[in-house]
Amino acid sequence: MLKQNLQQKLLQKLSPQQIQFIKLLQVPTVALDTRIKEELEENPALEDSSLISLDEPKGEYDDLNDDKQDYDENNGEESSLDEFNVDDYLQDDDSSDYSTSFNNGDDEDDKKETPIAVESTFFESLQQQLDLVPLSNQDFVIGKQIIGSLDDDGYLRRPITSMIDDLAFSQNVIVEEDDVVEMLKVIQNFDPAGIAARDLQECLSLQLKRKDTSNPIIKKAIEVVEHHLEEFTKKHYDKLEKSVGISSEELKEVVNEILKLNPKPGDSNQITTKQLQIIPDFHISNNDGTLILTLNARNAPELRVSRSYMEMFDHYEKASQKDKKLKEAVQFVKQKLDSAKWFIDAIKQRQQTLLKTMNAIMHYQYEYFLTGDERKLKPMILKDIADKIDMDISTVSRVANSKYVQTEFGTFLLKSFFSEAIQTESGEEVSNKEVKKILEDCINKEDKRKPLADEKLTEILKEHGYNIARRTVAKYREQMNIPVARLRKEL
């Protein structure tokens, strides 16, 4: 039996402009330049004013110093083709409305490029060492294959049988397993020590064997690494003393020797520029007890709609006869002009949203930003800021998860200022950051020969007025990347 039902559904559909804004909002400052360059390359109707010749008539493309046409937060709808008016783009008085120059007092240093040091990569360094060793053609090919198979941390995790297959299929070189093993031993003598090891045990052993092996402490260290590594990593020192037959003082020297070794030798020669460079999106300065917030100048590029494209559209529109090709040209130019305007509007809205969100966070955590004392951090969740600025929680989340603020006591991810509330015995709500700070202080001051167990830490927190379960203490400790008491033990 067929039934007919009439249902009403409420659907929310995002416009292309809203989607563009959302994507731009979550882009960090360090990646914004790249995103803008991509848009400039794709859309000839969009221009960067800072790159335009200084010979242009002064005043024709003035920078934006006021908010004549602030972004309409309710616009969300695509403009109709019929409502397009070239006057919106052509009037000299309003031509600056789509510029996004933003003067916030940042130093010009923010716009300078970071110099890149010229140095050899980890793999180039190994290849140079291989070039200096007298080898047959076959051994040289095997050596290159081994070096190319190493991970970034310097380990050889690819099975030797797989490398033999690689040599046969890609290099047409047929070798035996012994040939590869012998060549591997040659590379393991390269610098840095411990390179081309197949596991941590071999890596540490290779480094120790480069030391003075006539020294009894080094001999014992090699024995510990090669036969008792599990007991060492788990800090079962009593078992180690019995197994190796040494006193606690000798064991202390052995442990110190092993701790000097590098568990990831490949990292020691990595180019530092590969690491992600953090560029703060905001700066907060303290002016005699008054906090001043500024937005990084890189977030405010000097963009504008191309004058030549506006004039081109005006010329096409005024043409007396319009054939199919001319109409297509008009449509293309209009599309590019609209796209440029939408992008500039999205950049403007991004600036306003960033400042609005960070300003709310700064005032919410005013005492913290004045002092830098984590104990001054108030409990704060995304909803607190979203309600304050009348925006969606997802918008605040996009800002908090990808943006950094530079203060007088460090540079921090905005996400780090958000925390849950914990109630003390007196009924006062405090941030869990405060509890973590107390935990960290207790662990830093503990006797490393008898580190504090989670149960003891729970008791200390209760003495401070924080009634927290042991499992919560363990969770906070893990969040701070602090190991359990047994692994914090020192001799």
Legend entry - In segment 132-171, the residues that are open to solvent by 60 Å² or more (accessible area, probe 1.4 Å) and of a type in the set (F, W, Y): F140, F169
Inset, instruction - Considering each of E124, E202 in turn, give the residue that is within 30 Å of L240 (Cα to Cα) and out of contact with any helix residue (DSSP H, G or I) (no Cβ under 8 Å at 6 or more places or on another chain). - result: E202
Legend entry - Filter pass, E113 being among the acidic types (D, E) and at pLDDT 90 or above: no
Inset, instruction - Give the residue that is most open to solvent (accessible area, probe 1.4 Å), with candidates limited to residues of segment 18-69 that are modelled with pLDDT under 70 and under 31 Å from the mean Cα position of the chain (by Cα). - result: L51
Inset, instruction - Select from segment 454-468 the residues that are in a helix (DSSP H, G or I) and either among the acidic types (D, E) or surrounded by 14 or more Cβ atoms within 10 Å (Cβ to Cβ) (or both) and list them in ascending order. - result: D454, E455, K456, L457, T458, E459, I460, L461, E463
Inset, instruction - Scan segment 163-181 for residues that are within 41 Å of the chain's Cα centre (by Cα) and in contact (Cβ under 8 Å) with a residue 12 or more places away in the chain and jot them down. - result: M163, I164, D166, L167, Q171, V180, V181
Inset, instruction - Give segment 194-222 a look and list any residue that's basic (K, R), within 24 Å of V133 (Cα to Cα) and crowded, with 18+ Cβ neighbours inside 10 Å, or say none. - result: none
Legend entry - Some residue of segment 225-241 being of a type in the set (D, E) and more than 30 Å from P451 (Cα to Cα): no
Inset, instruction - Answer with yes or no whether V225 is buried (at least 18 other Cβ atoms within 10 Å of the Cβ), over 38 Å from the mean Cα position of the chain (by Cα) and assigned to a helix (DSSP H, G or I). - result: no
Legend entry - Out of Q352, Q331, sole residue that is under 23 Å from A31 (Cβ atoms) and surrounded by fewer than 17 Cβ atoms within 10 Å (Cβ to Cβ): Q352
Legend entry - Enumeration of residues in segment 354-395 that are polar (S, T, N, Q) and either modelled with pLDDT of 90 or more or in contact with a Gly (Cβ under 9 Å, 6 or more places away or on another chain) (or both): T357, N359, Q365
Inset, instruction - Give I218, I258 a once-over and let me know the one that is among the aliphatic types (A, V, I, L, M), assigned to a helix (DSSP H, G or I) and within 38 Å of the chain's Cα centre (by Cα). - result: I258
Legend entry - Count - residues of segment 172-181 that are over 19 Å from C203 (Cβ atoms) and either open to solvent by 90 Å² or more (accessible area, probe 1.4 Å) or not in a loop (DSSP other than H, G, I, E, B) (or both): 6
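Can you tell which of R449, R398 is modelled with pLDDT of 85 or more and among the basic types (K, R)?
Every option except R398 fails the conditions.
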Legend entry - Residue within segment 265-287 that is modelled with pLDDT of 80 or more, open to solvent by 70 Å² or more (accessible area, probe 1.4 Å) and at positive phi present: no
Legend entry - Near pairs, Cβ below 8 angstrom, 6+ apart or cross-chain, from segment 281-298 (in contact (Cβ under 8 Å) with a residue 40 or more places away in the chain) to any residue that is part of a strand (DSSP E or B) and among the aromatic types (F, W, Y): D281/Y404; F282/Y404; L293/F282; T294/F282; L295/F282; N296/F282
Legend entry - Of residues in segment 469-491 being in a helix (DSSP H, G or I) and more than 31 Å from the chain's Cα centre (by Cα), the one modelled with the highest pLDDT: R470
Inset, instruction - Scan the strands (runs of 3 or more DSSP E) fully inside segment 328-438 and keep the ones with 1 or more residues being among the acidic types (D, E). - result: 429-431
Legend entry - Every residue from segment 202-258 that is in contact (Cβ under 8 Å) with a residue 60 or more places away in the chain and of a type outside the set (V, I, T): C203, K234, K235, Y237, S248, L251, K252
Inset, instruction - Please work out which one of (1) open to solvent by 80 Å² or more (accessible area, probe 1.4 Å); (2) modelled with pLDDT of 85 or more; (3) more than 27 Å from Q207 (Cβ to Cβ) is the condition D191 fails and give its number. - result: (3)
Legend entry - Residues that are more than 21 Å from V484 (Cα to Cα) and basic (K, R), drawn from segment 225-248: K242
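The values are calculated or read from the model by the stated rules, or taken from the named source; none is laboratory data. Worth saying up front: this structure is predicted, and the values here are computed from it rather than measured. Positions of Cβ are generated from backbone atoms using ideal geometry, with glycine treated the same way; all protein chains shown enter the neighbour counts. When the accessible area is computed, the model is the full protein with side chains, heavy atoms only, and any ligands, DNA or RNA have been set aside. Shrake-Rupley method; radii C 1.70, N 1.55, O 1.52, S 1.80 Å.
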